[in-house]
1. Spelling out what I want: for every residue of segment 3-10, take phi, set θ = phi - 60°, compute 6.51 cos²θ - 1.76 cosθ + 1.60 (Karplus), and round to whole Hz; glycine and proline get x.
2. How far is helix 12-23 tilted off the main Cα axis of the chain, in degrees rounded to 10, range 0 to 90?
3. Hey, can you grab everything whose amide H is under 5 Å from the amide H of GLU32? Only 5+ residues off in sequence or another chain; H modelled, so Pro and N-termini drop out.
4. Can you run phi through the Karplus equation (6.51, -1.76, 1.60; θ = phi - 60°) for segment 62-78 and list ³J(HN,Hα) in whole Hz, with x for Gly and Pro?
5. Non-local amide H neighbours of SER43 (under 5 Å, H modeled in plane, Pro and chain starts lacking H): which ones?
6. For TRP40 and LEU73, compute 0.36 nm times the residue count separating them, minus their Cα-Cα distance, and round to one decimal in nm.
7. HN-Hα J couplings of segment 51-58 from phi, Karplus 6.51/-1.76/1.60, θ = phi - 60°, integer Hz, Gly and Pro as x?
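Only the coordinates and a few stated rules stand behind these numbers; no lab work does. Source: prediction; values computed, not measured.
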Amino acid sequence: MDADVVVIGAGAAGSSTAWHLAQRGRDVVLLERFARGHAWGSSHGATRIFRVAYRDPLYSRLATESIPMWRALERASG
Ligand SMILES: Cc1cc2nc3c(=O)[nH]c(=O)nc-3n(C[C@H](O)[C@H](O)[C@H](O)COP(=O)(O)OP(=O)(O)OC[C@H]3O[C@@H](n4cnc5c(N)ncnc54)[C@H](O)[C@@H]3O)c2cc1C
């Protein structure tokens with residue numbers, strides 16, 4: 001199998017990485033050891049708290065910058 005990038009782990013971080021690379025035209029393979037929607041990672045579950053208050057201002061800035069990306073994901077995924 002040929003790919004530009006192989007991402008291992010389809011949790012929130014790996015899925016986001018693969019999705020953004022694919023949107024930029026990269027040929028991406030995303031590998032996950034369990035079935036889609038499994039409950040053995042940190043990203044399972046239907047609800048999350050979204051916060052921008054962190055001790056480190058870098059995390060506050062990154063969380064704020066991510067809000068439009070979450071909205072784009074909501075639109076793309078329905
Ligand atoms: C109970 C709980 C509640 C949380 N609540 C919040 C919240 O309210 N708000 C918030 O912002 N954050 C919350 N978090 C934190 C947030 O969910 C995690 O930081 C985030 O989901 C981590 O994503 P990840 O992709 O790094 O890891 P994971 O979701 O764990 O994804 C890693 C994936 O890699 C796969 N994998 C591992 N090794 C391999 C391998 N060798 N080959 C193939 N696949 C592999 C695993 O199966 C898994 O699917 C919560 C976490 C937990 C556990």
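1. These are the phi-based 3J(HN,Hα) values: 7, 5, 9, 10, 9, 9, x, 9 Hz.
2. Around 70 degrees separate the two axes.
3. Hits under the 5 Å cutoff: GLY9.
4. So the Karplus estimates, Gly and Pro as x, are 5, 5, 5, 5, 7, 4, x, 5, 4, 5, 5, 5, 4, 5, 5, 9, x Hz.
5. Under 5 Å from the amide H of SER43 lie the amide H atoms of ALA12, each far enough along the sequence or on another chain.
6. Details: separation 33, 0.36 × 33 = 11.88 nm, distance 2.27 nm.
Extra length available between TRP40 and LEU73 comes to 9.6 nm.
7. Once θ is set to phi - 60°, the couplings for segment 51-58 become 9, 10, 8, 9, 5, 8, x, 4 Hz.
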